[in-house]
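Asker: Here it is, the structure in full.
The values are calculated or read from the model by the stated rules, or taken from the named source; none is laboratory data. What you are looking at is a predicted structure, and each value in this text was computed from that prediction instead of being measured. Here Cβ is always computed from backbone atoms with ideal geometry, including for glycine, and neighbour counts include all displayed protein chains. The area values use the complete protein model at the heavy-atom level, side chains included, leaving out ligands, DNA and RNA. Shrake-Rupley method; radii C 1.70, N 1.55, O 1.52, S 1.80 Å.
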Amino acid sequence: EIEVLHKDNNIGYNQDTIFALTYRGSTIEIVGSSQFKFRNPPHFVNIAVREPRDAIYETDAVFETYFYHQNVAPFLALRIIQRFGISNPSPRYIEAVATAFKEGTFAKDELSFGNGKYGDMEAVVA
């Protein structure tokens, strides 16, 4: 839910418009205006009352954001392939390993590796 506050009771959106958000999602769209869309990173730290659990939640949210980023699978695929001995792998090989990382499974002939969860290393190494 978004509450829109205007400076000096202006109507419309401009640089003085303030948005009060009660939903913490990844993308916020303003209802009734398709031209205004912005991203909000996860933020769990309460500035007024600081608690250790807030820092833990914030750290977990950052790690999760990085782990599920679209570039993580190809990046890790390239690095893992290079560490196992192929210094310049083909794009097809990188894509196969990245797909195994994303899908969590790898099947060849009658053998199947992985449990189907994102980031399963058994599927990646197979």
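Asker: Any chance you could count how many residues in region 77-111 are open to solvent by 60 Å² or more (accessible area, probe 1.4 Å), farther than 11 Å from Ala126 by Cβ and hydrophobic (A, V, I, L, M, F, W, C)?
Answerer: Of the residues in that region, 2 qualify.
Asker: Here's another thing I want to ask about it. Return a yes/no flag: does region 34-53 have any residue that is at pLDDT 75 or above and outside any helix (DSSP H, G or I). Full working, then the answer.
Answerer: Of region 34-53, the ones at pLDDT 75 or above are 51-53.
When the remaining residues are screened for being outside any helix (DSSP H, G or I), the result is 51.
Scanning region 34-53, I find at least one residue that is at pLDDT 75 or above and outside any helix (DSSP H, G or I), so the answer is yes.
Asker: Among the residues of region 54-67, is any open to solvent by 60 Å² or more (accessible area, probe 1.4 Å) and either polar (S, T, N, Q) or part of a loop (DSSP other than H, G, I, E, B) (or both)?
Answerer: Yes, the conditions are met somewhere in region 54-67.
Asker: Take Pro74 and decide whether it is open to solvent by less than 60 Å² (accessible area, probe 1.4 Å) and farther than 18 Å from Lys117 by Cβ.
Answerer: Details: open to solvent by less than 60 Å² (accessible area, probe 1.4 Å): yes; farther than 18 Å from Lys117 by Cβ: yes.
Considered against the rule, which asks whether it is open to solvent by less than 60 Å² (accessible area, probe 1.4 Å) and farther than 18 Å from Lys117 by Cβ, Pro74 comes out as yes.
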